[in-house]
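Accompanying notes for the structure given below.
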Amino acid sequence: MQKIKVLIVDDHTLVRDGIRALLALAADIEVIGEASNGKEALEKVKKLAPDVVLMDLVIPVVSGLEATRRIRKRFPGTKVLVLTQYEDREYIVPVIEAGARGFISKRAAFSELASAIQAVSQGDSFLSPTAAAAVVEECQQKATLERKKEPYQCLTDKEREVLKLVAEGHTAKEIADMLVISLRTVEAHKTSLMKKLNIHNKTDL
């Protein structure tokens, strides 16, 4: 059985020793090296070609985020699995965007860590519940922002009413009567609609 080659990146010797001891219990995982900072991690990836890098985020010289970005670019065959104590959204989303295949907390059980390593080594993704929630929230917020950028979303309720009636073929006077507003107000709404929708004449509107 071919073992999954793992490089541990953490600036605390005790943490690296603990992870190494735990991973020694997994029959299909082999720790082939360690690094205490991002620069050393990049050198070890180049030299050892690990299948998976267990990457802490807050490390000296080159941060875990930047090291992940460089590994993704220079060594696409190596997968990065972030293993950190930081579970805030501002840590999770950027490192996933930088190319990490997974994100797991140092509070996770050994069985979860082993499963995460196995998953990312096969090209799958692995996110802890906290990380998954952060990614979902980020996607939803981005979708909301994109919708807000759409011209129609910028219209007021009254402008939408006027636009609907214009589309149905009603005249300005008919619209004024139906909405109980003045003819001048209808024309003002039309002008605003044309501006917001980037329409240059009333026929196009």
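The values are calculated or read from the model by the stated rules, or taken from the named source; none is laboratory data. Please read these numbers as outputs of a predicted model, since none were measured by experiment. Don't worry about glycine lacking a Cβ; one is built from the backbone with ideal geometry, like all the others, and counts go over all protein chains shown. The protein model used for the area step is the full one, side chains on, heavy atoms only, and it has no ligands, DNA or RNA in it. Shrake-Rupley method; radii C 1.70, N 1.55, O 1.52, S 1.80 Å.
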Within a Gaussian network of the chain (alpha carbon springs, distance under 10 Å), most fluctuating of Pro76, Pro50, Pro94: Pro76
Karplus 3J(HN,Hα) series, Hz, for region 44-59 with 6.51 cos²θ - 1.76 cosθ + 1.60 (x for Gly, Pro): 5, 4, 5, 7, 9, 6, x, 6, 9, 10, 7, 10, 7, 8, 8, 9
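Report the calculated FRET efficiency for Asp157 and Asp124 (r = Cβ-Cβ distance, R0 = 41 Å), to the nearest 0.05. Can you show the working numbers first?
On the way: r = 46 Å, r/R0 = 1.12.
FRET efficiency, Asp157 to Asp124: 0.35.
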Degrees between helix 129-149 axis and first principal axis of the chain (Cα, 0 to 90, nearest 10): 30
Integer Hz, Karplus 6.51/-1.76/1.60 couplings in order for region 182-190, x for Gly and Pro: 6, 4, 4, 5, 4, 5, 5, 5, 4
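Stick to the Cα atoms of the chain, pair each with every other, and give me the Kirkwood hydrodynamic radius in Å at one decimal. Walk me through the numbers on the way to the answer.
On the way: mean 1/r = 0.0490 Å⁻¹.
Evaluated on the chain, it is 20.4 Å.
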Accessible-area value, Phe75, 1.4 Å probe, nucleic acids and ligands omitted, Å²: 50
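Would you please classify the overall shape of region 81-124 from the alpha carbon gyration tensor, given that a ≥ b ≥ c denote the square roots of the eigenvalues, rounded means a/c under 1.5, and beyond that prolate means a/b larger than b/c while oblate covers the rest?
Working: a/c = 3.50, a/b = 1.21, b/c = 2.91.
Cα axes put region 81-124 in the oblate bin.
Determine the order of Met1, Met55, Met194 by accessible area, beginning with the largest, at a probe radius of 1.4 Å.
Met1, Met194, Met55
Just subtract the alpha-carbon distance of Ala108 and Glu90 from 0.36 nm times their residue separation and send over the number in nm, one decimal. Spell out each step's value before the answer.
Details: separation 18, 0.36 × 18 = 6.48 nm, distance 1.97 nm.
Separation in residues times 0.36 nm, less the Cα-Cα distance, equals 4.5 nm.
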Degrees between helix 64-74 axis and first principal axis of the chain (Cα, 0 to 90, nearest 10): 90
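Multiply the residue separation of Glu187 and Glu30 by 0.36 nm, subtract the distance between their alpha-carbon atoms, and state the gained length in nm to one decimal. Mind showing how you got there, number by number?
On the way: separation 157, 0.36 × 157 = 56.52 nm, distance 7.37 nm.
Separation in residues times 0.36 nm, less the Cα-Cα distance, equals 49.1 nm.
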Entries in Lys5/Lys79; Lys46/Lys73; Lys39/Lys106; Lys158/Lys190 that, when Cα-Cα distance is taken, lie over 19 Å: Lys39/Lys106
Sites Ala49 and Val15, calculated FRET efficiency, Cβ-Cβ separation with R0 30 Å, nearest 0.05: 0.80
Exposure ranking of Lys164, Lys106 by accessible area [1.4 Å probe, largest first]: Lys164, Lys106
